[in-house]
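K.L.:
Shown below is the structure under consideration.
The values are calculated or read from the model by the stated rules, or taken from the named source; none is laboratory data. Computed from a predicted model, the values in this text were never measured in an experiment. Neighbour counts run over all protein chains shown; Cβ positions are idealised from the backbone, glycine included. Side chains included, ligands, DNA and RNA excluded: accessible areas come from the protein's heavy atoms. Shrake-Rupley method; radii C 1.70, N 1.55, O 1.52, S 1.80 Å.
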Amino acid sequence: MRIVPMLTAVVVTASLYMVIIERDKLMAFARGETAPEATEPVTEDTSAPSAAQGGDKRIGVVALRSQARTIGNAVILRGQTQAIRQVEVRAETTSTVISEPLRKGAAVKKGDLLCELDPGTRPATLLQAQAQLKEARINLTAASKLSEGGYASETRLAAAEAAERTAQAAVAAAEREIANLKITAPFDGLLESDTAELGSLLQPGSLCGTVIQLDTIKLVGYVPEAEVNKVTLGASAGAKLATGQQVQGKVTFLSRSADPQTRTFEVEITVPNPDLSIRDGQTADIAISSAGSLAHKLPQSALTLNNEGRLGVRVVGEDSTVEFFPVELLRDEADGVWLGGLPAEADIIVVGQDFVTEGVPVAATYREADQ
């Protein structure tokens with residue numbers, strides 16, 4: 001029988017016993033101290049309330065007493081400026097231009113001559129039509145008198161009346177042709193293009209010039225269908241142009257039909273532009289005011305998610321337990337966010353909201369809104 005392994009096992013067992021079980025005595029012996037006496041076990045006073053009891057075990061949080069306030073909402077769009085009027089003035093007859101062209105950028109008044117066309121034989125045509133009308137009226141007078149005396153049939157009288165009306169139509173057409181020789185500005189504005197060059201041939205539909213009106217201008221944007229009910233006719237609106245200029249106006253048009261591609265609704269805001277500083281086609285960030293709503297202004301850090309992933313805040317309820325309220329983000333500012341969907345008064349948990357869930361009892365410490 002081997003003695004050495006057995007002795008080794010006994011020594012190792014004794015060493016482990018001293019190190020693990022009698023560690024305190026071993027350390028005291030090493031320091032030259034007397035081993036500490038065993039102390040009497042402490043009996044728990046069952047009469048004292050236990051901290052483990054659920055009713056007294058509350059989690060400390062910091063809450064903010066918040067009062068809802070009325071804020072004005074705004075529908076934010078991106079759009080562009082557009083001239084209140086823009087017309088391509090075109091010819092209605094065929095002829096060559098005999099007037100000097102006006103250059104683009106020139107200011108014009110309503111009725112100003114833009115293009116004058118060569119009359120050609122049109123004055124002679126008018127004289128011929130007038131002569132035929134005079135003849136037709138004489139024939140009609142004679143036929144009428146003969147018919148009254150019974151010397152002319154009703155057929156002859158009807159033919160004379162038809163000839164007189166045909167002559168009247170010919171005169172009106174000749175006069176219209178001569179009037180079309182002078183193409184004028186339809187309203188006060190600016191020329192966006194040069195008028196037709198001297199000697200150029202214009203035919204019906206040929207462009208004489210383009211006139212735009214900018215003393216009043218439109219801001220055109222497109223409202224998403226989720227926010228279209230927030231926009232009303234006559235609502236105040238503002239915009240910031242790409243140049244940094246800020247303008248104010250009112251909503252004058254809201255489409256009743258959505259764009260089939262984007263499912264958005266066109267909206268127009270009319271803005272005064274007496275100095276013509278706003279140009280056609282500038283990019284604009286538009287804000288349209290809508291009816292005010294009650295909202296709470298809270299630090300952005302107060303927002304949290306529930307188990308379903310919904311954005312909201314946790315609130316201290318009447319029985320000092322946690323409640324969760326989903327919220328709607330109405331406005332984002334540098335010092336906080338405006339939230340809708342909460343009661344008029346609420347104790348919002350702003351510190352510790354991520355460590356509690358609904359129904360958990362809390363011990364809330366309150367702070368002022370400006371702290």
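K.L.:
Out of everything in segment 193-206 that is surrounded by fewer than 16 Cβ atoms within 10 Å (Cβ to Cβ), touching a Ser or Thr at 6+ places or on another chain (Cβ under 8 Å) and not polar (S, T, N, Q), what residue ends up being nearest to Val271 (Cα to Cα)?
P.N.:
Pro204
K.L.:
Taking the criterion of being among the small types (Gly, Ala, Ser), part of a loop (DSSP other than H, G, I, E, B) and under 18 Å from Arg69 (Cβ atoms), would at least one residue in segment 316-335 satisfy it? Walk me through how you get there before you give the answer.
P.N.:
First pass over segment 316-335, keeping only residues among the small types (Gly, Ala, Ser): 317, 320, 334.
Then keep just the ones that are part of a loop (DSSP other than H, G, I, E, B); that gives 317, 320, 334.
Next, from what is left, pick out any that are under 18 Å from Arg69 (Cβ atoms): 334.
Within segment 316-335, one or more residues are among the small types (Gly, Ala, Ser), part of a loop (DSSP other than H, G, I, E, B) and under 18 Å from Arg69 (Cβ atoms).
K.L.:
Go through segment 216-238 and give me each residue that's part of a strand (DSSP E or B), in contact (Cβ under 8 Å) with a residue 60 or more places away in the chain and open to solvent by less than 40 Å² (accessible area, probe 1.4 Å).
P.N.:
Within segment 216-238, Ile217, Lys218, Leu219, Val220, Gly221, Val223 meet the criteria.
Per-residue answers, yes or no, for (1) open to solvent by less than 60 Å² (accessible area, probe 1.4 Å); (2) of a type outside the set (S, T, N, Q); (3) outside any loop (DSSP other than H, G, I, E, B); (4) at pLDDT 90 or above:
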residue: Thr34; (1), (2), (3), (4): no, no, no, no
residue: Ala38; (1), (2), (3), (4): no, yes, no, no
residue: Asp45; (1), (2), (3), (4): no, yes, no, no
residue: Ala48; (1), (2), (3), (4): yes, yes, no, no
residue: Gln53; (1), (2), (3), (4): no, no, no, no
residue: Arg78; (1), (2), (3), (4): no, yes, yes, yes
residue: Val87; (1), (2), (3), (4): yes, yes, yes, yes
residue: Cys115; (1), (2), (3), (4): yes, yes, yes, yes
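K.L.:
Hey, could you check segment 303-336 for residues that are acidic (Asp, Glu) and in contact with a strand residue (DSSP E or B) (Cβ under 6 Å, 6 or more places away or on another chain) and say which is nearest to Glu358 (Cα to Cα)?
P.N.:
First, pick out the residues of segment 303-336 that are acidic (Asp, Glu): 308, 318-319, 323, 328, 332-333, 335.
If we keep only those that are in contact with a strand residue (DSSP E or B) (Cβ under 6 Å, 6 or more places away or on another chain) as well, we get 323, 328.
Details: Glu323: 5, Glu328: 19 Å.
Of everything passing the filter in segment 303-336, Glu323 is nearest to Glu358 (Cα to Cα).
K.L.:
If you don't mind, there's one more thing I want to ask. Filter segment 239-265 down to residues that are free of Cβ contacts under 8 Å to residues at least 24 places away in the same chain, surrounded by 11 or more Cβ atoms within 10 Å (Cβ to Cβ) and not in a strand (DSSP E or B), then give me how many there are.
P.N.:
Residues that pass the stated criteria total 1.
K.L.:
Residue by residue through segment 97-113, note down the ones that are open to solvent by less than 50 Å² (accessible area, probe 1.4 Å) and either in a strand (DSSP E or B) or farther than 12 Å from Leu190 by Cα (or both). Steps first, answer last, please.
P.N.:
Taking segment 97-113 first, the residues open to solvent by less than 50 Å² (accessible area, probe 1.4 Å) are 97, 99, 101, 106, 108, 111.
Across segment 97-113, the qualifying residues are Val97, Ser99, Pro101, Val108, Gly111.
K.L.:
Tell me which residues, restricted to segment 117-160, are assigned to a loop (DSSP other than H, G, I, E, B), within 30 Å of Gly209 (Cα to Cα) and polar (S, T, N, Q).
P.N.:
Thr121
K.L.:
If you go through segment 277-336, how many residues are of a type in the set (D, E, K, R) and either under 21 Å from the mean Cα position of the chain (by Cα) or surrounded by 16 or more Cβ atoms within 10 Å (Cβ to Cβ) (or both)?
P.N.:
Residues meeting the conditions: 10.
K.L.:
With respect to Glu161, is the statement that it is open to solvent by 60 Å² or more (accessible area, probe 1.4 Å), more than 30 Å from Lys110 (Cβ to Cβ), without any contact (Cβ under 8 Å) to a residue 12 or more places away in the chain and not hydroxyl-bearing (Ser, Thr, Tyr) true?
P.N.:
Judged against the criteria, Glu161 is not a match.
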